[in-house]
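Reading through the structure tokens given below for one structure.
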Amino acid sequence: MVAEDLNTPKGKLIVIGGAVNKGDEEQLNSDSENQEFFEIGILARMLKELEGDNARIEVITTASEIPVEVGTQYITAFNRLGHTNIDVIHIRSREDTENEEYLERARTCGGVLFSGGNQLRLTTIFGGTEFIKILLRRYDSEPIVIAGTSAGAMAMSNTMIQGSSSKALIKNEVQLSRGLGFIKDVTFDSHFVKRGRFSRLFQAVAMNPVCLGIGLGEDTGLLITDGSKMEAIGSGLVIIVDGENIRHTNVASIGDKEPISIENLNVHILVQNNGFLLNERKFLASY
């Protein structure tokens, strides 16, 4: 009998590349076809992964500049799927994270969904707080579902892309910072294909090859179980950038604003039902 790995998280992560983004705000797609897929496909999968019947979902819109509108849209989307045990936790400051009602809701919910917006708002408001510590402990020890879309997905890992310029593979044009820490050795990027963010993920991986780069397309995501087993879900592409076998890069020896070279950067492209094993760095054609 194989001993249970005590370091294996009991919770599940769902990281989503986002739907249509209006300005700097993550909103559910107003296009009926894509919205239907997003709601019936990805949000329905979140409901399927929840433990128990009618488990409570808390939506956290802290990253957004229009939190009321975004929260209402998610409530409407889940209601369309027949799930009504859902509400929004209105956290706009670090002081709000100390609200005992919010802490209790974090302790008792079945799932949490972080909306899109600005990922730096998530890390600066939640980093080191009791609220995020509760969710991290529960993710390690309980079958809670932690989901994030767009900025909410980018903030899930230890290493987070904070921002970048439009310049491709130029040293120090990509800024990295610490994320919320639900998963390590991964860097997520969102709206990946539509916004052509390949170069900044390549640079992020070259700067830290131990971190697997994961580019999430819109209406697309990953379901992550056991902290390392990844299943592609949704209608688009997930791009995996693996720097483990890089043989050469000049990133450490060049000066600021100089171009970066990389040899033997491995790239995998996943669609729905493909998988990837993080610990083994292995592509799965069928999950």
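The values are calculated or read from the model by the stated rules, or taken from the named source; none is laboratory data. All of these numbers come straight from a predicted model, not from anything done at the bench. Here the Cβ positions follow ideal geometry from the backbone for every residue, glycine too, while neighbour counts run over all protein chains shown. Calculation scope for accessible area: heavy atoms of the full protein, side chains included, ligands and nucleic acids excluded. Shrake-Rupley method; radii C 1.70, N 1.55, O 1.52, S 1.80 Å.
Filtering region 261-287 to residues that are farther than 25 Å from residue 225 by Cα and in contact with a Phe, Trp or Tyr (Cβ under 8 Å, 6 or more places away or on another chain) leaves 262, 265. Does residue 136 fit the bill of being open to solvent by 20 Å² or more (accessible area, probe 1.4 Å), closer than 21 Å to residue 59 by Cβ and not in a loop (DSSP other than H, G, I, E, B)? Here the answer is yes, as residue 136 does meet what is asked. Against the test of being in a helix (DSSP H, G or I) and in contact (Cβ under 8 Å) with a residue 12 or more places away in the chain, the options 131, 192 yield a single qualifying residue, 131. Annotation note: Cβ proximity below 6 Å between a residue of region 37-63 that is within 18 Å of residue 153 (Cβ to Cβ) and a residue that is among the aromatic types (Phe, Trp, Tyr) and modelled with pLDDT of 95 or more (sequence gap 6+ or interchain) occurs for 60/114. Scanning region 215-226 for residues that are buried (at least 21 other Cβ atoms within 10 Å of the Cβ) and not in a strand (DSSP E or B) returns 217, 218, 219. When every residue of region 205-214 is checked against the conditions, none turns out to be crowded, with 24+ Cβ neighbours inside 10 Å, part of a loop (DSSP other than H, G, I, E, B) and modelled with pLDDT under 95.
Out of the residues in region 72-114 that are at pLDDT 95 or above and of a type in the set (Gly, Ala, Ser), which is nearest to residue 190 (Cα to Cα)? The residue in question is 111. Looking across region 72-109, the residues that are in a loop (DSSP other than H, G, I, E, B), closer than 27 Å to residue 178 by Cβ and free of Cβ contacts under 8 Å to residues at least 40 places away in the same chain come down to 90, 92, 93, 94, 99. Within region 110-128, which residues are part of a loop (DSSP other than H, G, I, E, B), within 17 Å of the chain's Cα centre (by Cα) and either among the hydrophobic types (A, V, I, L, M, F, W, C) or farther than 22 Å from residue 47 by Cβ (or both)? Once the filter is applied, which keeps residues that are part of a loop (DSSP other than H, G, I, E, B), within 17 Å of the chain's Cα centre (by Cα) and either among the hydrophobic types (A, V, I, L, M, F, W, C) or farther than 22 Å from residue 47 by Cβ (or both), region 110-128 yields 117, 118, 127. Identify all residues within region 76-109 that are within 21 Å of the chain's Cα centre (by Cα) and surrounded by 17 or more Cβ atoms within 10 Å (Cβ to Cβ); write none if there are none. Selection gives 77, 78, 86, 88, 89, 91, 97, 106, 109.
On the stretch given as region 236-278, residues that are open to solvent by 20 Å² or more (accessible area, probe 1.4 Å), among the charged types (D, E, K, R) and either free of Cβ contacts under 8 Å to residues at least 12 places away in the same chain or more than 21 Å from residue 165 (Cβ to Cβ) (or both) total 3.
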